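See below for the structure under consideration.
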Amino acid sequence: MFRASIRVKVSAIVFAATTLSLVAASIASGWRDFDRRFTAKKIEITGIANVLATATESALRQSEHRHVREVLRSIGRMPSITYVRVRNSAGQEIASFGNGVVVARGGDAQGAESVGPFKFFSLSTIPVQVPVISAGGQIGDITLIADVSDLRAALVESLVASAAIGLGASVLAFLTALWLQRFVSKPLRDLAGA
């Protein structure tokens, strides 16, 4: 009985240590993947905003507000962009399209450069603001709000897949430890039986 309980205890320790290390590795891996996707999405949205800033520059400089609105209509073909706004250098809104609300604690209109470990639970949109430049001077700005709720779903999917693989590896490690215990404990059992 004593020998069997030592074998089970050692196997349980192997199982617990393997499980904890795999859970930690899974969380770190999932978080790195989420952060990489968040950064890529931020770069993509900033690029879209810069293209719109270039496309509206001439119309904004010449106060052709109708042309600015026509350019903004193209946003309707981009499903992840929920809102766009163009303002002149005085801060007056020239045109806007869509609807979007950014709720962030202590955030600014630029949006976060990275997301903290618990902020992703409430993250569903990200704002990006870029200047509209003409002849080297800022003549306005463009603000985009994009839906990034798909990033949260990707993180959860990644964590679930990692957890399943980790659990399988832990069970395999436990069974291997039980099997190896026979070879390690056999000489001790033979010695105790003599």
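The values are calculated or read from the model by the stated rules, or taken from the named source; none is laboratory data. As the structure is a prediction and not an experimental result, all values here were calculated from the model. Using ideal geometry, Cβ is built from the backbone for each residue, glycine included, and neighbour counts are taken over all protein chains shown. Keep in mind that these areas ignore ligands, DNA and RNA; they rest on the heavy atoms of the full protein, side chains included. Shrake-Rupley method; radii C 1.70, N 1.55, O 1.52, S 1.80 Å.
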Inset, instruction - Work out from phi, with θ = phi - 60° and the Karplus expression 6.51 cos²θ - 1.76 cosθ + 1.60, the ³J(HN,Hα) of each residue of region 25-41, listed in order in whole Hz, and give x for Gly and Pro. - result: 5, 5, 5, 4, 5, x, 5, 4, 5, 4, 5, 5, 5, 4, 4, 5, 5
Inset, instruction - Using a 1.4 Å probe and counting only protein heavy atoms, arrange THR143, THR54, THR18 so the residue with the most accessible area comes first. - result: THR54, THR18, THR143
Legend entry - Gain upon complete extension [VAL184, SER58; 0.36 nm per residue less C-alpha separation]: 37.4 nm
Legend entry - Solvent-accessible area, 1.4 Å probe, carbon plus sulfur percent, for region 17-87: 57
Legend entry - Cα-projected label distance for THR176 with ALA192, points at 7 Å along beta-carbon direction, nm: 2.6
Inset, instruction - Mind giving me the nanometre distance, one decimal, between the label points for ALA163 and VAL23, set 7 Å out from Cα along Cα→Cβ? - result: 1.0
Legend entry - Heavy-atom accessible area per residue - region 1-99, 1.4 Å, Å²: 62
Inset, instruction - Determine Rg/Rh for region 137-194; Rg is computed over alpha-carbon atoms and Rh is the Kirkwood hydrodynamic estimate from the same atoms. - result: 1.64
Inset, instruction - Work out, in µm²/s and without decimals, the Stokes-Einstein translational diffusion coefficient of region 1-101 at 10 °C, 1.306 mPa s, Rh from Kirkwood over C-alpha pairs. - result: 88
